[in-house]
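Q: Following this message is one structure expressed as structure tokens.
Where a number appears in this text, it was derived from the coordinates with a stated rule and is not lab data. Keep in mind the model is a prediction, meaning the values are calculated, not measured.
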Amino acid sequence: MLAGNQSLAAELAAKMEETPTIARSLADAKSWLNARRIGYTRAGLVACSAATRLRADGIEAGYDFHRFYEWERWLLDRHECDEVGCDHKYCNDIRASSKLEVCATQFEIQGLELDWIGLCWGEDFVWDGLKILNDLKVTRFRVLRRSIDIG
């Protein structure tokens, strides 16, 4: 898919137990992830640390926002907890991965495993009509140029 080979991407997706889904709406993506998260399976939003334009959608990938959070808690905290006398450190914390409110970056998820991932693309991946570009210098220029042309 990233290389623009749609037929190969469709062929590979057809062999998968769960077909990947592309959503242009964060609400739709969260709904899709929540529908698949069953029991103690984990879901989470992941974004590139350089994807600063995701802020407009409520997704903060910046270092200053992320630097003091304990990322093992992001993965391990339960989505919901109804245990009597619960003493979990961050029980029902809105920042837990399965709450789908706080994204992790490629640095924070190293060594962590999620069952369901919502990959949030920003200006770090731009479709040029044939393939996805992932050179930040080129894509930032195109985003800037597009905003100048539209504005």
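Q: Would you pull out the residues with amide H under 5 Å of GLY118's amide H, same chain only if 5 or more places away, H placed 1.01 Å from N?
A: So GLY118 has HN proximity to GLY44, LEU45, VAL46.
Q: Report ³J(HN,Hα) in whole Hz for each residue of the range 107-112, in order, from the Karplus equation J = 6.51 cos²θ - 1.76 cosθ + 1.60 where θ = phi - 60°; Gly and Pro get x.
A: Taking θ as phi minus 60°, the curve returns 7, 6, 8, 4, x, 9 Hz for the range 107-112.
Q: If you don't mind, another one. Quick check: from the Cα gyration tensor, does the range 29-75 come out rounded (a/c under 1.5), prolate or oblate?
A: oblate
Q: Further question: Got a sec to turn the phi values of the range 35-44 into Karplus ³J(HN,Hα) couplings, 6.51 cos²θ - 1.76 cosθ + 1.60 with θ = phi - 60°, whole Hz, x for Gly and Pro?
A: 5, 9, 7, 10, x, 9, 5, 10, 10, x
Q: Convert each backbone phi in the range 114-123 into a coupling constant with the Karplus relation 6.51 cos²θ - 1.76 cosθ + 1.60 (shift: θ = phi - 60°), then list the ³J(HN,Hα) values in order as whole Hz, x for Gly and Pro.
A: 10, 7, 9, 10, x, 8, 9, 8, x, 6
Q: A further question follows. Using amide H atoms built in the peptide plane, which far-off residues or other-chain residues are under 5 Å from LEU133 H to H?
A: Here the answer is VAL126, TRP127, ASP128, since their amide H atoms fall under 5 Å of that of LEU133.
Q: What are the residues whose amide H is under 5 Å from the amide H of GLU60, where those residues sit 5 or more places off or on another chain and H is modelled from the backbone?
A: Amide H neighbours of GLU60: CYS103.
Q: If I stretch the segment between ASP128 and GLN106 completely, what's the gain in nm (0.36 nm per residue apart, minus their alpha carbon distance), one decimal?
A: 5.5 nm
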